[in-house]
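One structure is given here, and the rest of the page talks about it.
The values are calculated or read from the model by the stated rules, or taken from the named source; none is laboratory data. Model, not experiment: these values are computed from the prediction. Cβ placement follows ideal geometry from the backbone for every residue including glycine, while neighbour counts extend to all protein chains displayed.
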Amino acid sequence: MSEVIERFLRYVKIETTSSETSEIAPSTAGQRDLASLLYKELTDMGASDVFYDEEHCYVYAKIPASEGYENRKTLGFIAHMDTSPEASGKDVKPRIIENYDGEDIVLNKELNIVLETAKYPEIKAYKGQRIIVTDGTTLLGADDKAGVAEIMTMADTLLSHPEIPHGPVAVAFTPDEEIGAGTVNFDMERFGADYAYTVDGGGIGELEYETFNAASAVIEITGVNVHTGEAKNKMINAARIATEFDSMLPAEQRPEFTEGREGFYHLMGIEGSTESAKLVYLIRDHDRMIFENRKAIMYGIGDQLDLRYGAGTVKVNIKDTYYNMREKIEPDFMFLIDNACEVMKELGIEPKIQPIRGGTDGSALSFRGLPCPNICTGGHNYHGRFEYCCADSMEKIVEILVRLTAKR
């Protein structure tokens with residue numbers, strides 16, 4: 001078994017699910033377990049400037065340049081340690097399917113959990129290769145422990161083979177990316193890279209420098225509860241106004257009806273009674289002007305309902321969370337994309353440049369002055385029990401990362 005696969009199987013067994021309801025950083029204690037392990041492994045392999053920020057749960061390290069490459073810019077690689085709270089990450093039981101036959105995969109015979117090719121046809125492309133799956137009761141954790149394993153293996157490869165030419169390299173592992181807090185306490189100075197890649201993408205060949213612009217919206221509605229027998233012209237039903245608010249948004253602009261660069265409004269949660277109600281939304285769009293207009297539409301709906309039902313009935317609170325990193329990559333740093341494409345082609349991999357229908361740590365970091373496109377990890381079906389990762393792809397991605405370190 002190759003080093004990257006051994007590392008991956010070791011890391012996914014550590015529960016690192018982040019929590020959206022936690023008020024501490026990191027949001028869960030398990031992330032510290034993986035951070036401590038990575039700190040030890042980096043120290044043992046001989047990396048330089050290895051540092052574990054125990055307070056905030058970040059791990060940083062450096063790999064000095066090979067002889068003759070000392071004056072190169074420092075290239076960074078970043079992956080996140082947490083897994084999504086949308087599915088359990090406890091007691092993950094990974095299994096390697098050797099020489100996958102291209103058919104449905106029975107993940108759990110006892111519970112009749114099957115990864116069906118009819119629902120996930122892209123898996124057929126991996127016929128004849130090794131696929132890593134779960135027992136169908138948890139997610140796998142390839143998002144982003146595959147990225148963690150690939151960066152760690154790259155680091156060990158460079159340190160073990162000083163004959164490989166490369167410039168100075170910085171690596172970092174972050175907590176709580178899945179809940180939008182991956183870069184909150186990221187130490188740019190300690191990381192010390194001039195530009196970087198997040199290794200947090202999907203299938204082999206994926207390369208992204210365009211993300212959504214993103215915001216969250218909380219709609220708070222205050223009603224008036226009156227006995228139903230005396231309610232005429234007095235009652236203001238907050239729960240009903242909540243459904244009215246949602247109905248005023250364009251129904252076709254929901255995530256279940258959009259793809260590619262199409263943005264959306266996503267109703268994450270709704271709760272309420274006659275007295276009060278709350279709606280929680282995600283707002284997403286790749287185009288900054290359309291994104292700003294989406295927010296204006298939500299404010300406008302709030303104003304309409306407030307006029308209809310009385311001042312103070314509807315409050316719309318919108319908070320931006322990240323922006324499209326294309327704004328920061330495209331002017332001066334497209335060579336990062338060109339370099340990745342060149343390396344992939346050298347290895348016989350077809351680059352697949354596409355927009356991310358989401359965001360990465362790289363979105364926030366790019367706007368903090370660290371240009372940071374996103375590169376593949378080899379995984380699919382993230383955040384759910386049908387997640388899988390191609391072992392062959394992971395080994396090739398390590399090669400991609402190693403070769404990138406020799407580029408400018």
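Data for the structure
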item	result
Filter result (closer than 17 Å to N324 by Cβ and out of contact with any Phe, Trp or Tyr (no Cβ under 9 Å at 6 or more places or on another chain)) within segment 262-271	E262
Every pair of residues 6+ apart whose Cβ atoms lie under 6 Å, when the first sits in segment 85-102 and is assigned by TED's automatic domain parsing to the domain that holds V12 while the second is in a loop (DSSP other than H, G, I, E, B) and of a type in the set (A, V, I, L, M)	A87/L139; G89/L139
Qualifying residue in segment 271-283 (condition: closer than 19 Å to V314 by Cα and either among the aromatic types (F, W, Y) or not assigned by TED's automatic domain parsing to the domain that holds V316 (or both))	yes
Those strands (runs of 3 or more DSSP E) lying entirely in segment 151-269 with at least 1 residues surrounded by fewer than 17 Cβ atoms within 10 Å (Cβ to Cβ) and at negative phi	213-222
Selection status of G348, in contact (Cβ under 8 Å) with a residue 60 or more places away in the chain, surrounded by fewer than 20 Cβ atoms within 10 Å (Cβ to Cβ) and in a loop (DSSP other than H, G, I, E, B)	no
Meets criteria (over 14 Å from the mean Cα position of the chain (by Cα) and not assigned by TED's automatic domain parsing to the domain that holds R368) for V218	yes
Residue list for segment 279-323, filter: in a loop (DSSP other than H, G, I, E, B) and surrounded by fewer than 14 Cβ atoms within 10 Å (Cβ to Cβ)	G310, A311, G312
Matching residues in segment 365-404 - criterion: being polar (S, T, N, Q) and more than 29 Å from N108 (Cα to Cα)	S366, N374
Residue satisfying condition, being under 25 Å from the mean Cα position of the chain (by Cα), part of a strand (DSSP E or B) and surrounded by 14 or more Cβ atoms within 10 Å (Cβ to Cβ), within set G89, G76	G76
E15, sole failed condition from (1) free of Cβ contacts under 8 Å to residues at least 24 places away in the same chain; (2) outside any helix (DSSP H, G or I)	(1)
Residue selected from segment 103-122 under the condition among the polar types (S, T, N, Q) and surrounded by 12 or more Cβ atoms within 10 Å (Cβ to Cβ), by the criterion farthest from Y11 (Cα to Cα)	T117
Criterion (among the acidic types (D, E) and part of a helix (DSSP H, G or I)) met by exactly one of D135, D144	D144
Set S88, S66: member being in contact with a His (Cβ under 8 Å, 6 or more places away or on another chain) and either modelled with pLDDT of 95 or more or not acidic (D, E) (or both)	S66
Any pair with Cβ under 6 angstrom, 6 or more apart, that starts in segment 379-408 at a residue that is buried (at least 22 other Cβ atoms within 10 Å of the Cβ) and ends at one that is part of a strand (DSSP E or B) and among the small types (G, A, S)	C389/G379
Yes/no for A125 being surrounded by fewer than 16 Cβ atoms within 10 Å (Cβ to Cβ), out of contact with any helix residue (DSSP H, G or I) (no Cβ under 9 Å at 6 or more places or on another chain), of a type in the set (G, A, S) and assigned to a loop (DSSP other than H, G, I, E, B)	no
